[in-house]
Amino acid sequence: MNKNEFIDRVADMAGMSKAEATRAVDAVFDAITEALRRGDDVRLVGFGTFSAAKRAAREGRNPRTGETIQIPASIQPKFSAGKGLKDALN
């Protein structure tokens, strides 16, 4: 499912127009992104937790040439599924 299909599904399930659903979905994504940027976790009970994890700088290798390269430090988004989501899938 891509973003447009997701928006269509939200619009159908919530009984709203596609434009309203687009604004709602974008607002949710923006709120999660902003919270992670600030260093906060986003906990949605029964669904899961979004968090940001710091990765230290490290050495890597170019798989094509075998040359050693420096990989810079970065912050990676993480998602941990909650019990409700896990139970719904199993």
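Residues in the stretch 8-49 that are among the β-branched types (V, I, T) and within 26 Å of D87 (Cβ to Cβ) were compared, and the one that is nearest to the chain's Cα centre (by Cα) is I32. When the residues of the stretch 70-90 are narrowed to those that are over 30 Å from E59 (Cβ atoms) and part of a loop (DSSP other than H, G, I, E, B), which ends up modelled with the lowest pLDDT? Selected residue: N90.
If we scan the stretch 67-79, do we find a residue that is at negative phi, in contact with a helix residue (DSSP H, G or I) (Cβ under 6 Å, 6 or more places away or on another chain) and among the aliphatic types (A, V, I, L, M)? The answer is no, given that none of the residues of the stretch 67-79 is at negative phi, in contact with a helix residue (DSSP H, G or I) (Cβ under 6 Å, 6 or more places away or on another chain) and among the aliphatic types (A, V, I, L, M).
The values are calculated or read from the model by the stated rules, or taken from the named source; none is laboratory data. All figures in this text were calculated on a predicted structure; none of them were measured in a lab. Glycine gets a Cβ as well: all are built from the backbone with ideal geometry, and neighbour counts include every protein chain shown.
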